[in-house]
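The structure appears below as structure tokens.
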Amino acid sequence: MEAPVWERDYRTSSAAQTQDLARALGASLRAGDLLLLTGELGAGKTTFTQGLGEGLGVRPGIISPTFVLVRIHPSLGSGPDLVHVDAYRLESAGEIDDIDLENTMDTSVTVVEWGRGLVEHLSDSRLEITLLRATGGAAGGSGELVTDFSVEDDDEERTIRITGYGPRWESAPLPIP
Ligand SMILES: Nc1ncnc2c1ncn2[C@@H]1O[C@H](COP(=O)(O)OP(=O)(O)OP(=O)(O)O)[C@@H](O)[C@H]1O
Ligand SMILES: [Mg+2]
């Protein structure tokens, strides 16, 4: 198993803080970078991607795609475009090949929600972003399943683990606080 070259855990307590972290990361990315986002439904993968887009300076409007598997957000300046993929409904690596991400990799930052096990072959380097939610919610702590979806937008704690693989990430993507 390939060893990570860089890993760091961050804590956020709101969607806005998650976007702040992602914005800082986005500002340090460049064309060719590949990011895989992992975390349960509602963990904050799309929220994180919105912050990345701001940091990159691409056209806003990053949403959770329902039927569209891939959206390209063009740069508003001279930086890379953002290619945002949601692989949740993909069944196989074959289907991801149909999207032809190779074609846009070199001029874009490519972000794939649910991409683990599907897109690692696109680059010799990648960042894996894992969003972990505290079970039971910030106030509960009893560990029971969250079933009240009416509170889904309330700000909660997340641990965001950023792990770098490959030569691109031999130095940290973010200054370590
Ligand atoms: N600390 C936090 N970081 C990120 N999102 C948070 C946080 N606290 C609460 N939230 C809320 O959690 C939800 C995350 O939704 P989001 O669509 O980003 O998740 P997702 O991982 O993309 O889900 P899916 O698997 O359905 O694509 C949002 O409603 C957001 O406001
Ligand atoms: Mg999403």
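The values are calculated or read from the model by the stated rules, or taken from the named source; none is laboratory data. Just so it is clear, the structure is predicted and the values come from calculations on it, not from any experiment. Cβ coordinates were reconstructed from backbone atoms using ideal geometry, including for glycine residues, and neighbour counts include every protein chain displayed.
If you filter region 30-40 down to residues that are among the aliphatic types (A, V, I, L, M) and crowded, with 20+ Cβ neighbours inside 10 Å, you find that the one that is nearest to ligand 1 (Cβ to nearest atom) is LEU37. Look at region 45-59: where a residue is free of Cβ contacts under 8 Å to residues at least 40 places away in the same chain and a partner is of a type in the set (Asp, Glu) and more than 9 Å from ligand 2 (Cβ to nearest atom), sitting 6+ places away or on another chain with Cβ atoms under 7 Å, you get GLY51/ASP20; VAL58/ASP81. The residues of region 102-121 that are modelled with pLDDT of 95 or more and of a type in the set (A, V, I, L, M), listed by number, are MET105, VAL109, VAL111, VAL112.
Residues of region 41-80 that are within 9 Å of ligand 1 (Cβ to nearest atom), in contact with a helix residue (DSSP H, G or I) (Cβ under 8 Å, 6 or more places away or on another chain), modelled with pLDDT of 95 or more and among the hydrophobic types (A, V, I, L, M, F, W, C): PHE48 alone. Name the single residue, out of those in region 45-98 being under 13 Å from ARG23 (Cβ atoms) and of a type in the set (Ser, Thr, Tyr), that is surrounded by the fewest Cβ atoms within 10 Å (Cβ to Cβ). Restricting to residues being under 13 Å from ARG23 (Cβ atoms) and of a type in the set (Ser, Thr, Tyr), the top hit is THR47. Among the residues making up region 84-118, those that are within 16 Å of ligand 1 (Cβ to nearest atom) and of a type in the set (A, V, I, L, M, F, W, C) are VAL85, ALA87, LEU90, VAL111, VAL112, TRP114, LEU118.
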